[in-house]
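Peer 1: One structure, pasted below without further comment.
The values are calculated or read from the model by the stated rules, or taken from the named source; none is laboratory data. Keep in mind that this is a model prediction, so the values were computed, not measured. Cβ coordinates were reconstructed from backbone atoms using ideal geometry, including for glycine residues, and neighbour counts include every protein chain displayed.
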Amino acid sequence: MRNAGLGGWPARRAQMSPNRTAFVFADRSISYAQVHERTTRLASRLREAGVRGGDRVAYLGPNHVAFAETMFATHVLGAIFVPLNFRLAAPEIAYMLEDSGASVLIYGPECAAVVRGLPALPGLRRVVALESPAPGEPEFESWLSQGDPTPIDVPVSQDDVALILYTSGTTGRPKGAMLSHANLVWNCVNVMIGVDVTSTEVTLISAPLFHVAALNQTLLPTFLKGATSVIMPSWDVDLCYDLIEKHHVTWMFGVTAMFAAFARSPRWAGADLSSLRTLMSGGAAVPVLLIRTYQERGLVFCQGYGLTETSPGATFLEAGESVRKVGSAGVPVFFANVRVVRPDLTPVTAGEPGEVLIQGPNVTPGYWRDPEATAAATAEGGWFRSGDIATVDDEGHLYIVDRVKDMYISGGENVYPAEVEGVLFEHPAVAEVAVVGVPDQKWGEVGRAFVVPREGAAPTPANLREFLSSRLAKYKIPVYVDIVGALPRTGSGKIRKSDLRGRPLPVAGPVAGPVAESVAESVTESVTESVTPEE
């Protein structure tokens, strides 16, 4: 077989374990032999649509078996898969489609309104709907079934780009992190070493597959081992309990908000969770109290640390250390190197905060069509600069402390304030704005915007959020909006976001976090602090 990338996996798995169940979705069970046939047919249809090696195929929608089939079919042809965040608004999706140069888009019915709202994109030659296609669009299942089942084998190198995953940058412009087939393979190897993944694993895919963690930390290692992935369309606490009990799930990944909701359920105390062998979390530091809650239930709860650009696994806390080192993100994964350094790149001492740098075969070759961002993120020797702050104990275990960048994580989703600020600046009543992340009991963090109005204007929190609602995903829209007279600044004119984060939250009624339809409205006094130039 000339395809050394992920496109060869369905054929190899079909040969080794044709009758094993690869995917369970709703009431469907799909064997590895069926996955091979379906991805081959789909690849032939993509090829008829003009897709060749290096071309981009995008997918937009909640978790579905078609996500995995589209990904593998894309890789059969040596093309690049672009999974898109289905929570984004049409302008955000349009930017990513145009920037990636995607020629085919496959989308779920939940995203029909977004797709209908896209501008004309000359490079987008084919749009396929999973259900209820618009005039001129094929329906996924019938389109796939008419494909040619003759095996396709094109030469693909492990160094070829497999994925483009968009992650917002500090400038607010989304960046496409490229991951090669080799990056994904080595990440799978690291996961299988750290978790002891077996061929009898039953993995619950409960986090969104457009996220690097759900895809690369659970689905791909499970597929590589010939085990079973049970795919949830979207996170639902009761459905999670049902699927664990029905399918005897052994392994699952989740973010803090998911695990917190799961433990708060009235089913927690009496549910049969005996099949669960490993619970794995990442995306943000998990409160020690929550980890203890799971450990007291007799469950193994392991944390890891990584980024989209590291495929994502950089460190992992194995089961044997999960109690003794509770709260730690673990040690470097087997095939990667991790350093924590001072600004001059010298190593920190035990307990001293520093920036996390990662090097290894799992690290991105760079950002799509963005050499400047690639260079800025790379230190001498090929070390990737994470922008995250951590400490290391005297045994080499990492503890994530903070982020150098202003990014915050809300319900497992990265939110970059500069992006939100950039959109708010488009409002005619806004003169200045600063957005920070503030603590939230349910979502971990939510946004708080401090807005200075233009002279003579009188924006309200409600109309500013309404302005954002059609331009940004809901989880990016600040829960708190403060109208202020000025922003605190350093002597050099930079906004002092640390001051803004430290302000008491306004007293308000309950809000529902990043998907709230209402907002805590507040008005604060003008800020007129003075600071010395040295600050």
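Peer 1: Looking at the stretch 475-490, which of its residues are assigned to a loop (DSSP other than H, G, I, E, B) and surrounded by fewer than 23 Cβ atoms within 10 Å (Cβ to Cβ)? Give the derivation first.
Peer 2: Quick first cut of the stretch 475-490, residues assigned to a loop (DSSP other than H, G, I, E, B) only: 477-479, 484-488, 490.
484, 485, 486, 487, 488, 490 - these are the residues of the stretch 475-490 that are assigned to a loop (DSSP other than H, G, I, E, B) and surrounded by fewer than 23 Cβ atoms within 10 Å (Cβ to Cβ).
Peer 1: Only residues that are more than 20 Å from residue 224 (Cα to Cα) and in contact with a Phe, Trp or Tyr (Cβ under 7 Å, 6 or more places away or on another chain): list them for the stretch 28-50, please.
Peer 2: 45 - this is the single residue of the stretch 28-50 that is more than 20 Å from residue 224 (Cα to Cα) and in contact with a Phe, Trp or Tyr (Cβ under 7 Å, 6 or more places away or on another chain).
Peer 1: Looking at the stretch 452-462 only, could you name the residues that are over 21 Å from residue 415 (Cα atoms), in contact (Cβ under 8 Å) with a residue 12 or more places away in the chain and not hydrophobic (A, V, I, L, M, F, W, C)?
Peer 2: 453, 454, 455, 459, 460
Peer 1: Could you check how many residues of the stretch 107-165 are part of a helix (DSSP H, G or I) and under 22 Å from the mean Cα position of the chain (by Cα)? Reasoning before the result, please.
Peer 2: Just the residues of the stretch 107-165 that are part of a helix (DSSP H, G or I), to begin with: 109-116, 140-145.
Add one more test, that the residue is under 22 Å from the mean Cα position of the chain (by Cα), and what stays is 109-112, 114-115.
The total comes to 6.
Peer 1: Looking at the stretch 447-457, can you tell me whether even one residue there is over 22 Å from residue 489 (Cα atoms), over 20 Å from the mean Cα position of the chain (by Cα) and either at pLDDT 90 or above or assigned by TED's automatic domain parsing to the domain that holds residue 488 (or both)? Explain how you work it out, then say what you get.
Peer 2: To start, the set of residues in the stretch 447-457 that are over 22 Å from residue 489 (Cα atoms) comprises 456-457.
This time we only want the ones that are over 20 Å from the mean Cα position of the chain (by Cα), so: 456-457.
Still in the running and either at pLDDT 90 or above or assigned by TED's automatic domain parsing to the domain that holds residue 488 (or both): 456-457.
Yes, the stretch 447-457 has at least one match.
Peer 1: Please state which one of 369, 448 is touching a residue at least 40 places away in the same chain (Cβ under 8 Å), of a type in the set (Lys, Arg) and part of a loop (DSSP other than H, G, I, E, B).
Peer 2: Values: 448 fails: part of a loop (DSSP other than H, G, I, E, B).
Every option except 369 fails the conditions.
Peer 1: Within the stretch 208-230, which residues are hydrophobic (A, V, I, L, M, F, W, C), touching a Leu at 6+ places or on another chain (Cβ under 8 Å) and under 23 Å from residue 5 (Cα atoms)? Even if it seems obvious, please write down each step before you answer.
Peer 2: Residues of the stretch 208-230 that are hydrophobic (A, V, I, L, M, F, W, C), as a first pass: 209-210, 212-215, 219-220, 223-224, 227, 230.
Pick out the ones that are also touching a Leu at 6+ places or on another chain (Cβ under 8 Å) and you get 209-210, 212, 215, 219-220, 230.
Across the stretch 208-230, the qualifying residues are 209, 210, 212, 215, 219, 220.
Peer 1: Now for a different question. Starting from the stretch 463-477, take each residue that is under 16 Å from residue 436 (Cβ atoms) and list its partners that are aromatic (Phe, Trp, Tyr), counting only C-beta distances under 9 angstrom and pairs at least six apart or across chains.
Peer 2: What qualifies is 475/443; 476/416.
Peer 1: Got a number for residues in the stretch 430-446 being over 29 Å from the mean Cα position of the chain (by Cα) and within 20 Å of residue 498 (Cα to Cα)? Walk me through it before giving the result.
Peer 2: Taking the stretch 430-446 first, the residues over 29 Å from the mean Cα position of the chain (by Cα) are 430-432.
Applying the additional criterion that residues be within 20 Å of residue 498 (Cα to Cα) yields 432.
Qualifying residue count for the region: 1.
Peer 1: Which of the helices (runs of 4 or more DSSP H) contained wholly in the stretch 220-319 include at least 1 residues that are closer than 30 Å to residue 15 by Cβ, over 21 Å from the mean Cα position of the chain (by Cα) and among the basic types (Lys, Arg)? Don't jump to the end; show me each part of the working.
Peer 2: Values: elements: 220-224, 237-247, 256-264, 288-296.
Once the helices (runs of 4 or more DSSP H) in the stretch 220-319 are filtered for at least 1 residues that are closer than 30 Å to residue 15 by Cβ, over 21 Å from the mean Cα position of the chain (by Cα) and among the basic types (Lys, Arg), what remains is 237-247.
Peer 1: Do you know which residues across the stretch 394-429 are assigned to a strand (DSSP E or B) and within 18 Å of residue 499 (Cβ to Cβ)? Walk me through it before giving the result.
Peer 2: In the first step, residues of the stretch 394-429 are kept if they are assigned to a strand (DSSP E or B); the result is 398-403, 408-410, 413-415.
Across the stretch 394-429, the qualifying residues are 402, 403, 408.
Peer 1: Can I ask one more? Going residue by residue through the stretch 5-25, is there one that turns out to be out of contact with any helix residue (DSSP H, G or I) (no Cβ under 8 Å at 6 or more places or on another chain), surrounded by 23 or more Cβ atoms within 10 Å (Cβ to Cβ) and on the phi < 0 side of the Ramachandran plot?
Peer 2: Within the stretch 5-25, none of the residues are out of contact with any helix residue (DSSP H, G or I) (no Cβ under 8 Å at 6 or more places or on another chain), surrounded by 23 or more Cβ atoms within 10 Å (Cβ to Cβ) and on the phi < 0 side of the Ramachandran plot.
Peer 1: Filtering the stretch 334-390 down to residues that are touching a Phe, Trp or Tyr at 6+ places or on another chain (Cβ under 7 Å) and aliphatic (A, V, I, L, M), which residue is surrounded by the most Cβ atoms within 10 Å (Cβ to Cβ)?
Peer 2: Within the stretch 334-390, the match that is surrounded by the most Cβ atoms within 10 Å (Cβ to Cβ) is 358.
Peer 1: Also: Answer yes or no: is there a residue in the stretch 276-284 that is of a type in the set (Ser, Thr, Tyr), touching a residue at least 60 places away in the same chain (Cβ under 8 Å) and surrounded by fewer than 23 Cβ atoms within 10 Å (Cβ to Cβ).
Peer 2: Of the residues in the stretch 276-284, the ones of a type in the set (Ser, Thr, Tyr) are 278, 281.
Still in the list and also touching a residue at least 60 places away in the same chain (Cβ under 8 Å): 278.
This time we only want the ones that are surrounded by fewer than 23 Cβ atoms within 10 Å (Cβ to Cβ), so: 278.
Checking the stretch 276-284: at least one residue is of a type in the set (Ser, Thr, Tyr), touching a residue at least 60 places away in the same chain (Cβ under 8 Å) and surrounded by fewer than 23 Cβ atoms within 10 Å (Cβ to Cβ).
Peer 1: So residue 432 passes all but one of these: (1) touching a residue at least 60 places away in the same chain (Cβ under 8 Å); (2) acidic (Asp, Glu); (3) not in a loop (DSSP other than H, G, I, E, B). Which condition number does it fail?
Peer 2: (1)
Peer 1: Would the stretch 323-346 turn up any residue that is among the polar types (S, T, N, Q), farther than 26 Å from residue 280 by Cβ and part of a loop (DSSP other than H, G, I, E, B)?
Peer 2: At the first step, the residues of the stretch 323-346 found to be among the polar types (S, T, N, Q) are 328, 337, 346.
Then keep just the ones that are farther than 26 Å from residue 280 by Cβ; that gives 346.
Retained after the next criterion (residues that are part of a loop (DSSP other than H, G, I, E, B)): 346.
Within the stretch 323-346, one or more residues are among the polar types (S, T, N, Q), farther than 26 Å from residue 280 by Cβ and part of a loop (DSSP other than H, G, I, E, B).
Conditions (1) buried (at least 21 other Cβ atoms within 10 Å of the Cβ); (2) at pLDDT 95 or above; (3) on the phi < 0 side of the Ramachandran plot, marked per residue:
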residue	(1), (2), (3)
165	yes, yes, yes
173	no, no, yes
177	yes, yes, yes
180	yes, yes, yes
189	no, yes, yes
197	yes, yes, yes
201	yes, yes, yes
218	yes, yes, yes
241	no, yes, yes
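Peer 1: I'd like the full set of residues that are touching a Ser or Thr at 6+ places or on another chain (Cβ under 9 Å) and surrounded by fewer than 22 Cβ atoms within 10 Å (Cβ to Cβ), limited to the stretch 220-229.
Peer 2: Restricting attention to the stretch 220-229, the residues satisfying the condition of being touching a Ser or Thr at 6+ places or on another chain (Cβ under 9 Å) are 221-223, 225-229.
Across the stretch 220-229, the qualifying residues are 225, 226, 227.
Peer 1: Hey, another quick one. Just to be sure I understand, how many residues within the stretch 96-106 are over 18 Å from the mean Cα position of the chain (by Cα) and either over 15 Å from residue 70 (Cβ atoms) or without any contact (Cβ under 8 Å) to a residue 24 or more places away in the chain (or both)? Working first, answer last.
Peer 2: Residues of the stretch 96-106 that are over 18 Å from the mean Cα position of the chain (by Cα), as a first pass: 98-99, 101-106.
Adding the requirement that they be either over 15 Å from residue 70 (Cβ atoms) or without any contact (Cβ under 8 Å) to a residue 24 or more places away in the chain (or both) leaves 98-99, 101.
Number of matching residues: 3.
Peer 1: Which condition from (1) over 20 Å from residue 305 (Cα atoms); (2) at pLDDT 95 or above is the one that residue 122 breaks?
Peer 2: (2)
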